[in-house]
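What follows is a short report on a single structure.
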Amino acid sequence: MENITVKDHSVSGEKFQLVFDEVLEMYKTEPQPSLDKLASYYESEDYISHTDAKRNLFEKIYHWVRIYMLSKKMSFVDMNTKSDGKKVLDIGCGTGDFLAMAQKYKWEIAGVEPDAQARKIASEKTNTEIHNNDWLSTLEDDSFDAVTMWHVLEHVPNLEEQIAELKRIVKPNGTIFIAVPNFNSHDAKHYKEFWAAYDVPRHLWHFSQKAIKVLFEKQQMKVVKILPMKFDAYYVSLLSEKHKTGKMNPLKAFYRGFVSNFKAITSSEYSSLIYIIKNEK
């Protein structure tokens, strides 16, 4: 597959290359910002996963859908975690909504979030200390029954080191839940360089189903189930329309999201996918 040039539509206006790895069947964003500079690419009021903003209809719809999906995600975690305990770590927990839902399900929670503002909101929402990334290295082995990363793995700078750390901290036969965009979806192929889920340079990696399976198999972990995130096709199409035309064009975006989900019935290539991964120790 050819490399793709993609613009950062959210913050900087800079252009980046998506370089294809033929072995893993995934793209890597290049150049990747230094760790010192990376945080500056998140400094935007439009980055709503770091706020609870409901300034307009789009943001209100985003939060309505998020509330619905939080319940669905938590039910996935509850049903697919077979360890004896109920201890969950959410990495990249944002403003803490998933952790608050986990508390309602009577799970013991822990959260990691690099953004200070989001960390403060999450801590207040859950009445629990939320940690920065450095805290992960202080954890004992086999600490959690479940670890979740909802649209987070694509953001981490040291990908294989992060996956090895997941292996270390999840219990034997524990479960990891990874949600990431899928560039093999119809909406990605339709919008091409305007596809909003490329979101460079915040998204450093862009995964296929093969890539996730191979990366986790390297650490003796196995993908046991893949679930669709159907709402993402509509949300991403709205943003992609804005990138491409300057307007969200809700009718066009809704149609494109519908077509993407319809085509995925046979291909299983939905706009975003949840991978349920077992730790085979």
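The values are calculated or read from the model by the stated rules, or taken from the named source; none is laboratory data. Given the structure is predicted, the values throughout are model-derived calculations rather than measurements. Cβ sites come from the backbone with ideal geometry, for glycine too, and all protein chains shown count toward neighbours.
Observations
- Single residue of the range 97-141 satisfying the filter (touching a residue at least 60 places away in the same chain (Cβ under 8 Å) and either of a type in the set (K, R) or in a loop (DSSP other than H, G, I, E, B) (or both)) that is surrounded by the fewest Cβ atoms within 10 Å (Cβ to Cβ): P114
- Residue that is outside any helix (DSSP H, G or I) and either buried (at least 17 other Cβ atoms within 10 Å of the Cβ) or among the small types (G, A, S) (or both), where the choices are H203, H243: H203
- Qualifying residue in the range 208-231 (condition: in a helix (DSSP H, G or I), modelled with pLDDT under 95 and within 28 Å of L89 (Cα to Cα)): yes
- On the stretch given as the range 232-281, residues that are free of Cβ contacts under 8 Å to residues at least 40 places away in the same chain and of a type in the set (V, I, T) total 3.
- Number of residues in the range 257-277 that are among the hydroxyl-bearing types (S, T, Y) and within 23 Å of V77 (Cβ to Cβ) equals 5.
- Qualifying residue in the range 162-177 (condition: acidic (D, E), touching a helix residue (DSSP H, G or I) at 6+ places or on another chain (Cβ under 8 Å) and assigned to a helix (DSSP H, G or I)): yes
- Count of the range 249-270 residues which are surrounded by 16 or more Cβ atoms within 10 Å (Cβ to Cβ) and either assigned to a loop (DSSP other than H, G, I, E, B) or on the phi > 0 side of the Ramachandran plot (or both): 3
- Listed by first and then second residue, the pairs with beta-carbon distance under 6 Å, at least 6 apart or on different chains, first residue in the range 189-209 and of a type in the set (F, W, Y), second in a helix (DSSP H, G or I), are Y191/S240; F194/S240; F194/H243; F194/K244; W195/A188; W195/S240; W205/E154; W205/L159.
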